[in-house]
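Colleague: Below is the structure I would like to discuss, written out as structure tokens.
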Amino acid sequence: MKKYIVSFSGGKDSSAMLLRMIELDYKIDEVLFCDTGKEFPQLYKYVERMKNHVQQLGIKFTILTPEKSWDDWFFGKVTRGKMKGKKRGWPLMFFHCYWSRESKFLLLDPLCYGHERYIGFGADETKRLVSGRKKEGYNFPLADWGWTEKNALEYLLKVGWCEQFHLDFNRTGCFLCPKQGEESLKTLCDKYPEQWDELLRYAKLSNNDFKPGVGLKELKEIEDQVKYNRTFNKSDQFHLDFGCCLEEI
Ligand code: SF4
């Protein structure tokens with residue numbers, strides 16, 4: 001029988017979508033959350049809160065975890081192509097992220113196949129909506145309601161489901177995501193020092209750059225800028241914000 005499945009990341013868009021769908025009495029059989037293992041600690045608490053909330057309403061809430069960890073992939077070896085045999089390191093910024101494939105799509109797709117899935121793309125995410133709408137079984141309630149990301153945030157504030165990390169970042173996802181832009185990195189360094197230190201630790205151990213032209217040295221420079229207000233000549237890549245893995249749907 002066809003199921004109605006909500007893809008929930010804990011970010012503002014999918015959170016607002018889920019809560020509003022409940023309010024509007026949409027049919028929801030299950031909520032799926034993919035645990036990448038590299039989410040913010042505050043987000044894990046939020047997921048627990050949401051899990052309790054939806055379970056109390058009789059909706060199934062499932063947390064999906066990948067078979068192998070981020071470390072297995074980060075320190076694992078490339079198995080084909082020019083880089084075969086080399087340590088994998090950071091996911092490449094201009095390609096589909098291996099970690100979104102392993103920790104999200106390979107888990108979600110078999111469970112959602114043949115069912116209706118709800119995805120939290122805002123009405124202003126035109127490019128992603130164009131490709132998403134071509135796929136069978138994909139539904140975008142926020143866009144159908146005409147809600148932008150700003151509307152989603154306002155709604156969360158109104159209903160008491162907005163957390164500081166929703167306000168701090170444009171998009172949430174793995175805190176060490178190379179697809180995040182300069183502002184996100186600065187916020188991470190400034191307000192989430194443990195996660196920033198972890199990012200630097202991986203940058204020290206990686207044999208590829210965090211993103212093109214941005215390696216450990218440039219990340220340390222951004223730290224200097226945040227901590228000591230020093231300026232430096234940044235690579236253009238610092239400015240790019242690819243909005244994490246959702247663009248790959
Ligand atoms: S948030 Fe970034 S690193 Fe994490 S799965 Fe998505 S694209 Fe990959």
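Colleague: To test your reading of the geometry: what angle, between 0 and 90 degrees and rounded to tens, separates the Cα axis of helix 216-228 from the longest principal axis of the chain?
Modeller: 80
Colleague: Something else: Using amide H atoms built in the peptide plane, which far-off residues or other-chain residues are under 5 Å from Leu64 H to H?
Modeller: Phe33, Cys34, Asp35
Colleague: A further question on this structure: Taking R0 as 30 Å, what's the FRET efficiency between Tyr26 and Glu67 from their Cβ-Cβ distance, rounded to 0.05?
Modeller: Details: r = 32 Å, r/R0 = 1.06.
Calculated transfer efficiency: 0.40.
Colleague: Then there's this: How large is the dipole of the stretch 24-69 about the Cα centre if only Lys and Arg carry +1 and Asp and Glu carry -1, each at its Cβ, rounded to the nearest 20 debye?
Modeller: Values: 7 positive and 7 negative charges, 26 e Å.
It works out to roughly 120 debye.
Colleague: So what does log10 I(q)/I(0) come out to for the stretch 15-61 at q = 0.15, 0.29, 0.31 Å⁻¹, using the Debye formula with one equal point on every Cα and no solvent?
Modeller: Per q value, in the given order, log10 I(q)/I(0) is -0.40, -1.18, -1.26.
Colleague: With θ set to phi - 60° and the Karplus curve 6.51 cos²θ - 1.76 cosθ + 1.60, what are the ³J(HN,Hα) couplings of the stretch 153-169 in order, to the nearest whole Hz, using x for Gly and Pro?
Modeller: Going residue by residue, I get 5, 4, 5, 4, 4, 5, 9, x, 10, 9, 10, 4, 5, 5, 7, 6, 10 Hz, with x marking Gly and Pro.
Colleague: Given charges of +1 on the Cβ of Lys and Arg and -1 on the Cβ of Asp and Glu, with all other atoms neutral, how large is the dipole of the chain about its Cα centre, in debye to the nearest 20? Intermediate results must be reported in sequence, preceding the final value.
Modeller: Values: 40 positive and 37 negative charges, 175 e Å.
Taking the Cα centre of the chain as origin, the dipole is about 840 debye.
Colleague: Of Lys104/Lys135; Lys38/Lys204; Lys38/Lys134; Lys51/Lys150; Lys3/Lys60; Lys3/Lys27, which ones are farther than 19 Å apart at the Cα?
Modeller: On the way: Lys104/Lys135 17 Å; Lys38/Lys204 17 Å; Lys38/Lys134 30 Å; Lys51/Lys150 24 Å; Lys3/Lys60 11 Å; Lys3/Lys27 9 Å.
Checking Cα-Cα distances, Lys38/Lys134; Lys51/Lys150 exceed 19 Å.
Colleague: Right, another one. What does the charge add up to near Pro41, with Lys and Arg as +1, Asp and Glu as -1, over the other residues with Cβ less than 15 Å from its Cβ?
Modeller: Numbers: positive: Lys38, Lys45, Arg49, Lys191; negative: Asp35, Glu39, Glu48, Glu163, Asp168, Glu194, Asp197, Glu198.
Neighbourhood net charge equals -4.
Colleague: One quarter of the convex hull surface, Cα atoms only: what value does that give for the chain in nm²? Walk me through the numbers on the way to the answer.
Modeller: Details: hull surface 56.4 nm².
Averaged projected area of the chain's Cα convex hull equals 14.1 nm².
Colleague: Using the Kirkwood formula on the Cα atoms of the stretch 1-93, what hydrodynamic radius do you get, in angstrom to one decimal?
Modeller: Working: mean 1/r = 0.0649 Å⁻¹.
So the Kirkwood estimate lands at 15.4 Å.
Colleague: Oh, and also: Could you give each residue of the stretch 76-87 its phi-based ³J(HN,Hα) in whole Hz, using Karplus coefficients 6.51, -1.76, 1.60 with θ = phi - 60°, and x for Gly or Pro?
Modeller: Each residue of the stretch 76-87 in turn: x, 9, 5, 9, 8, x, 4, 8, 3, x, 7, 4 Hz.
Coordinate-derived values only; no laboratory data. Since we're looking at a predicted model, the values are computed, not measured. All Cβ positions, glycine included, derive from the backbone under ideal geometry; neighbour counts span all protein chains shown.
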